[in-house]
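Everything on this sheet refers to the single structure shown next.
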Amino acid sequence: MIKVAVVGLGKMGLSHHAMINAHPEVEMVGICDSSSYVLGVLKKYTGVATYNDFDAMLEKVDLDAVVIATPSSSHARMVRAALDRGLHVFCEKPFTLSAQDAEELAALSREKDLVTQVGYHNRFVGAFCEVKRLLDAGAIGTVTHVLGEAYGPVVLKPKGGTWRSQRTEGGGCLYDYAAHAIDLVNWYLGEPLGVGGTVLGRVFSGETDDEVFSTLYFPEGKTAQISVNWSDESYRKMTTRITLWGTAGRIYADRQECQVYLRDTAQRPEGYGEGWNVRYTTDLTEPVWFYLRGEEYSAQIDSFVQRVKERRTDGVNSFQSAALTDKVISMIVTDAEKGASTLAEGVTAESTRATRPKRRRFWRR
C-alpha cells in the first residue's frame with residue numbers, strides 16, 4: 001500500500017481525499033489544513049491523523065507521497081519541502097506562480113528520481129486524448145493554427161471573491177483558467193518560440209485579470225490563440241475547448257466530444273472517413289474505480305498511484321511539462337505589460353495596456 005497525505009481541504013483537496021481514500025492501493029495516513037473545523041470533522045469520522053502544520057506532518061508521518069491542493073502561492077514551498085524528504089508529489093495546478101520556481105522544482109525532482117504530477121486533468125479527458133492520438137497519427141496533416149478556449153462563471157461581481165482572484169495568492173484568470181488551455185496547446189504543439197498581442201483585462205476584479213487573450217508562435221509558422229474569460233455567466237460551469245486546423249482537416253474537442261473533419265487528402269485513421277466524424281467522450285473513456293466530478297479526476301490520481309508503485313518518473317503531467325506551462329504564462333505576463341507593438345499615429349503603448357496593476361514579484365521561497 002502507498003502511504004499518502006492530502007494537504008489543503010478546499011474543493012479540490014476534498015475531492016482528492018475522497019478519491020484517494022477509496023483507492024484500493026492507497027492508505028490515507030495524514031491530512032493537513034488550516035481549518036480546525038474541517039480537521040475535526042474528518043478526524044472524528046475517519047480516524048486519520050490531522051495536522052494544521054505541514055512541516056510537522058512531514059516530520060511525524062511515515063509517507064510515500066503527498067497530494068498538495070493548497071492556494072497556489074504556497075505550492076513552491078510545500079513541493080520543495082516534500083521533495084527534500086524524498087516524497088513523490090502530486091500538486092494541483094497551477095504548478096507555481098513563478099517560472100523560475102517551476103524550473104528549479106522540476107530539476108530537483110529529476111535529481112532525486114521522484115514521481116511528480118500536476119493536476120491538469122484535461123489530459124485525461126477522452127476527447128482531448130483522442131485529439132492527441134489523431135495529431136500523432138497525422139490525421140489532419142500539418143497543423144497550422146490552434147484555438148484554445150476556456151469560459152465560465154467564476155467572478156461575476158465587483159466585490160468579494162476568494163484567494164483564486166487575488167493576484168498574489170491564485171494568480172487570477174490567467175493562472176486558474178487560462179493555464180488549462182495553455183497546457184493543452186503545449187501538449188499538442190510543444191514549446192512556443194514567443195508570445196504576442198496579449199491582453200490581460202479586467203471585468204470585475206480589482207487586482208487581477210478576468211479575461212486573457214494572447215497569440216503563441218511555434219516553429220514552422222504554427223500559431224495558437226488563447227481566449228479565456230472567467231466572468232462569463234452564459235456558461236453554467238467551466239468549459240474548455242480546443243480547435244485545430246491542418247492542411248488535411250480540422251478537429252474540435254471539448255469534454256463531451258471530438259469532432260473531426262477530414263479532407264479527401266487526409267490519411268484517415270481506422271474508424272474515420274472523409275468528411276465529418278464524431279467520437280464521444282463516453283466511448284473514449286476507460287472505466288474508473290471511483291467516480292467523482294468526472295472520470296478524468298480519478299484517472300489522473302490512478303496514473304499517479306501506478307507510477308509511484310512502479311517508480312516510473314515519466315508520465316502525463318510531470319513537473320517538467322507543468323514548468324513549460326508556467327514558462328508560457330510568464331511570457332504572456334511580460335508581453336501584456338508592453339502594450340500594443342504597432343501603434344496608430346499619436347498613440348502611446350501605455351494607453352493600450354489593460355488596467356492591470358504594476359507587476360509585483362510573486363512569493364518566493
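Throughout, read-outs are computed from the coordinates displayed, never taken from laboratory work. None of these values were measured; they are calculated from a predicted model. Note: ideal-geometry Cβ built from the backbone for every residue, glycine included; neighbour counts use all protein chains shown.
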remark   = Once normalised by the length of the chain, the mean sequence separation of its alpha carbon contacts under 8 Å that are 6 or more apart gives a contact order in percent of 20 percent
remark   = Net charge (Lys, Arg +1; Asp, Glu -1) of residues whose beta-carbon lies under 11 Å from that of LEU262, LEU262 excluded, is +1
remark   = Diffing segment 147-156: the Karplus 3J(HN,Hα) column from phi (6.51, -1.76, 1.60, θ = phi - 60°), in whole Hz with x for Gly and Pro, holds 10, x, 10, 7, 9, x, x, 9, 10, 10
Percent antiparallel among DSSP beta bridges (both partners in the chain, rounded to 5) = 60 percent
ask   = Of GLY339, GLY201, GLY47, which is the most mobile in a GNM of the chain whose springs link Cα atoms less than 10 angstrom apart?
value = GLY47
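Could you work out the relative contact order of segment 126-284, using alpha carbon pairs under 8 angstrom and six or more residues apart, expressed as a whole percent? Let's see the in-between values first.
Numbers: 380 pairs, mean separation 51.1, N = 159.
It comes to 32 percent, rounded to a whole number.
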ask   = In straight Cα distance, which aspartates and glutamates are under 13 Å from LYS327, not counting same-chain residues fewer than 8 positions off?
value = ASP101, GLU103, GLU104, ASP183, GLU191, ASP335
key: segment 176-238 and segment 95-119: distance between their alpha carbon centers, rounded to Å   = 22 Å
ask   = Using a ≥ b ≥ c from the Cα gyration tensor of segment 1-61 (square roots of the eigenvalues), is it rounded, prolate or oblate, where a/c under 1.5 gives rounded and otherwise the larger of a/b and b/c decides, a/b for prolate?
value = oblate
note = Of the residues VAL347, VAL316, HIS88, the Cα lying farthest along the dipole of the chain towards its positive end, which is defined by charges on the beta carbon of Lys, Arg, Asp and Glu, belongs to VAL347
note = Close lysine pairs (segment 126-284; alpha-carbon distance under 28 Å; 8 or more apart or on separate chains) counted at 4
request  = Could you pull out every whole DSSP H run in the chain that spans at least 30 Å of Cα extent along its own axis and averages 1.0 or higher on the Kyte-Doolittle scale?
outcome  = none
task = Would you please give the residues with an amide H less than 5 Å from that of GLN225, counting only those at least 5 places away or on a separate chain, with H modeled from the backbone geometry?
result = VAL146, LEU147, GLY148, LEU216
message = When a/c reaches 1.5 or more, the comparison of a/b and b/c decides; with that in mind, is segment 95-254 rounded, prolate or oblate per its Cα gyration tensor?
response = oblate
note = Excluding residues fewer than 8 positions from LYS60 in its own chain, the lysines with Cα under 22 Å of it are LYS3, LYS43, LYS44, LYS112
